[in-house]
Amino acid sequence: MKLQLDHIAVLGESLEEAVAHTEAAAGVPMLPGGAHERYGTHNQLLGLGGVYLEAIAIDPSAEPPGGPRWFGLDRFHGPARLDKWICRVSDMDAALAALPMAGRPVELARGRLRWIMAVPEDGLLPYDGVFPALIQWLSPVPAGAILSASGTRLEGLEVIHPQATELQALLAPWLDAPMVRFTTGAKPGLRAELRTPQGHPRVLQ
């Protein structure tokens, strides 16, 4: 069982804020995404060369879900920011047997895409939200492979937490994501290193 980096997510109080924050760092426009009826959210997407970036927020036009939204969006406040990283697994049952704190499996679909997401009962991921969300793609071609390359690349992802060493040790037996590194810091968060189509380094936080 391996955890491989699938995508990263910028959260916002509105999708417009999340998209603007993402585009300012990435240097390229995002592509249309879609709606997630199960959780009352919507998104836009950006291919980063092998992985992708998602801007996501509560959809004000959607019916409220019957329970907590994923990614802790019910409690998200403040400026848009890089807030989540999502790891791909090939067997969600095996992944949750190893890492039960990731949540429970929820099967989802949008258009031709089908996937299973591990979602905690309260919607809040461990380690103040910087524990990776887990996804298993059921579609023959996952979302990241469908997206056109934007020219902007993800070159590194830093996971910052006061207990970063503990989190790294917890994930180490399964994590296969060389560009991810863990840093001990007082304030939990994520920091992505990008390179634009013009070759300029950018930081997304």
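Quick notes on this structure:
- Qualifying residue in the range 101-115 (condition: assigned to a loop (DSSP other than H, G, I, E, B), within 29 Å of ALA186 (Cα to Cα) and either more than 17 Å from the chain's Cα centre (by Cα) or among the acidic types (Asp, Glu) (or both)): no
- Of all residues in the range 174-190, those that are closer than 15 Å to LEU82 by Cβ have Cβ atoms under 8 Å from Cβ atoms of residues that are among the polar types (S, T, N, Q) and surrounded by fewer than 18 Cβ atoms within 10 Å (Cβ to Cβ), 6 or more apart or on another chain, in GLY189/GLN205; LEU190/GLN205.
- Pairs with Cβ under 8 Å, 6+ apart, first in the range 1-26 and within 14 Å of LEU194 (Cβ to Cβ), second part of a helix (DSSP H, G or I): HIS7/ALA143; HIS7/GLY144; VAL10/ALA18; VAL10/HIS21; VAL10/THR22
- Pick from the range 5-33, criterion of a type in the set (D, E, K, R) and not in a strand (DSSP E or B), ranking: nearest to PHE76 (Cα to Cα): GLU13
- Some residue of the range 141-148 being under 17 Å from the mean Cα position of the chain (by Cα), surrounded by 13 or more Cβ atoms within 10 Å (Cβ to Cβ) and either assigned to a strand (DSSP E or B) or at pLDDT 95 or above (or both): no
- Among the residues of this structure, GLU121 does not count as one that is in a helix (DSSP H, G or I), more than 23 Å from PRO29 (Cα to Cα) and out of contact with any Lys or Arg (no Cβ under 6 Å at 6 or more places or on another chain).
- Verdict on LEU82 being buried (at least 19 other Cβ atoms within 10 Å of the Cβ) and touching a residue at least 12 places away in the same chain (Cβ under 8 Å): yes
- Residues satisfying the stated conditions in the range 157-170, i.e. loosely packed, with under 15 Cβ neighbours inside 10 Å and small (Gly, Ala, Ser): ALA169
The values are calculated or read from the model by the stated rules, or taken from the named source; none is laboratory data. Computed from a predicted structure; not experimentally measured. Heads up, the Cβs are rebuilt from the backbone with ideal geometry, glycines too, and the neighbour counts pull from every protein chain shown.
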